[in-house]
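Read the structure below first, then the notes.
Nothing in this text is a laboratory measurement; each read-out follows from the coordinates by a stated rule. Computed from a predicted structure; not experimentally measured. Methodologically, a virtual Cβ is constructed for each residue, glycine included, from the backbone with ideal geometry; neighbour enumeration extends over all protein chains shown.
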Amino acid sequence: MSTPIDSSLSDRWAMVRGQLRDEFGDTAFRSWLKPLTLKGLEGNCVRMSIQSRFMRDWINSHYSNRISELWTKVHPEVRTVEISIDQTAAVPPNAGGPAAGAFKGGFNGVANGSSNGTGAAPRGAFSGTSQRNSPPPAPAGFTGTGERESQLDPRYNFEQFVVGKPNELAHAAAQRVAESPTVPFNPLFLYGGVGLGKTHLMHAIAWKIKEDNPERRVLYLSAENFMYDLIRALRHKDTMSFKERIRSVDVLMVDDVQFFSGKDSTQEEFFHTFNDLVNRNKQLVISADKSPSDLEGLEERLRSRLGWGLVADIHPMTYELRLGVLQQKADAIGIHVPFEVLEFIATRISSNARELEGALNKLVAHATMMGRDITMDLSQTLLRDLVRANERKLTIEEIKKTVASHFNLRYADMESARRARPVARPRQIAMYLAKQLTPKSLPEIGRMFGNRDHTTVMYSVKKVEELYALDRSFAEDVDLLRKKLEP
Ligand code: ADP
Ligand code: MG
């Protein structure tokens, strides 16, 4: 719990604010800094809140460093500053205690580029979202306190979710869970890579149920928060109330359970919670970045349990879906973005929706601040780095293809079980290059090479390193391939 705000803390905040206003100017101050609400001091961390994720992200990337510096100046104990999202920001400070949706990492050096004078976008630019899609009022029976509710992003509803081939199944299943009066499948397990909409769908389920059946108690938790709450309960010798709280819900959603990997006692507790809820016919919705069977570091019995219900994967976005999501985000902000600019972003930034949204926000913020229209020219200039980062993505398929053709082998040889040296060696080189040139993990690489074990990949990497040091012509082959593959 934060210590209540005493007058000395608010005086210091006033000093920080005054300084911020001087440094960044009136417009930027009014748009971005004034809306910050002081929540309190907890240990070395000052907690503040703001009403939208967009604003929080903007502040984190443009003002955070300076804000914490100034805080440390007026209050030497302060080490970090955390901003949480609080949709009811009009409420007097300290009314609801610290929001649990707090940005955990604090200000971990996100400020990129200059931070002076930026970001004076009028707040009206973003009000489109909340007006058109204001969430239903929170029913009193909603499990968890205000803390929990602030974790639900009002923009993450079904209306604002764009459906395409890659997420069709997950979307349909999520809707089913949200609308069905009974439990259609248990659990609903959603999985897919970063930024493909898992969290969005889970929040959408929560909003929909809150809207249609306010008496049903829904609890959404990140796996991380599940663990923190558990640890807190253990520390306060109060696991009973933790259990009661979590098990008294009608719908429990736990996001990103890959986080439980290797955390045995948390898994254990989660496993029992899971069984208890399923036995009492309560709905569970779980998400992860991998399918239940691919989740490493999870106990076998838990993994198998997770696959009991409906497992829906979300595939990487197609061009059409990327375009659709961009259009939707632009509409939600209520700003006109020329179609060719949306096409440009959708073509050049292909990784995930989070990056698409980041690109769009960057354009919008810049254009609003400078009072300019969003044009192709502006987009090309502002997004140069993002576009370049996306170009650099090398796939394991490309590596396999290049290595196979270099050694006059077939692509299939890269995956086959053949162990003859003329095939096995190049395959080892390909695995080595995959490890060197892509961010993929050993198990992921193994899977891409005919479902080999991660120890095989590890062995290949070692073997290649050995040969590289010993054999000139081998080393030349490897260097040549690396040069071909590296952008
Ligand atoms: P994940 O949880 O899978 O990492 P998120 O749900 O956080 O991804 O999505 C990242 C961002 O992309 C969010 O702003 C979300 O609204 C947006 N997004 C992802 N998929 C869609 C979609 N199909 N339609 C609209 N927005 C989407
Ligand atoms: Mg997520």
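Straight-line reach from Lys435: which lysines have Cα under 29 Å away, leaving out those fewer than 8 places along the same chain? By straight Cα distance, Lys435 reaches Lys198, Lys263, Lys290, Lys393, Lys400, Lys401, Lys462, Lys463, Lys483, Lys484.
Counting only residues at least eight positions apart within a chain, or on another chain, the aspartates and glutamates with an alpha carbon under 17 Å from that of Lys208 are Glu149, Asp153, Glu159, Glu179, Asp250. Once backbone amide H atoms are built at 1.01 Å from N, Ile83 has Met48, Phe103 as its partners under 5 Å, excluding neighbours fewer than 5 places away on the same chain.
Each residue of the range 458-468 is assigned a 3J(HN,Hα), and the resulting list reads 4, 4, 4, 4, 4, 4, 5, 4, 4, 5, 4 Hz, derived from the Karplus form 6.51 cos²θ - 1.76 cosθ + 1.60 (θ = phi - 60°), x at Gly and Pro. Rounded to whole Å, give me the distance from the Cα center of the range 347-396 to that of the range 18-73. Measuring centre to centre over Cα atoms gives 25 Å.
In a DSSP loop and with at most 10 other Cβ atoms within 10 Å, there are no GluC sites (Glu not before Pro) in the range 43-87.
Phi angles of the range 243-251 translate, via the Karplus equation with coefficients 6.51, -1.76, 1.60 and θ = phi - 60°, into HN-Hα couplings of 4, 4, 5, 6, 8, 8, 8, 8, 9 Hz per residue; Gly and Pro are given as x. Taken one residue at a time, the phi angles of the range 408-414 give Karplus couplings (6.51, -1.76, 1.60, θ = phi - 60°) of 6, 10, 8, 4, 4, 4, 5 Hz. Gly and Pro are set to x. Packing order of peptides 182-192, 434-444, highest average first: 182-192, 434-444 (average count of other Cβ atoms within 10 Å over each peptide's residues).
In terms of surrounding Cβ atoms within a 10 Å radius of their Cβ, Ile5, Ile286, Ile314 rank from fewest to most as Ile5, Ile314, Ile286. Taking amide H as placed 1.01 Å from N in the peptide plane, Arg217 has its amide H under 5 Å from the amide H of Asp250, Val251, each at least 5 places away in sequence or on another chain. A simple packing score, the average count of other Cβ atoms within 10 Å per residue, orders the peptides 465-476, 319-330 as 319-330, 465-476, with the highest score first. Averaging Cα coordinates gives a centre for the range 175-245 and one for the range 408-487; these two points are 42 Å apart.
Going from the residue with the fewest nearby Cβ atoms within 10 Å to the one with the most, Ser7, Ser180, Ser222 rank Ser7, Ser180, Ser222. Sorted ascending by nearby beta carbons within 10 Å, beginning with the fewest, Val251, Val46 become Val251, Val46.
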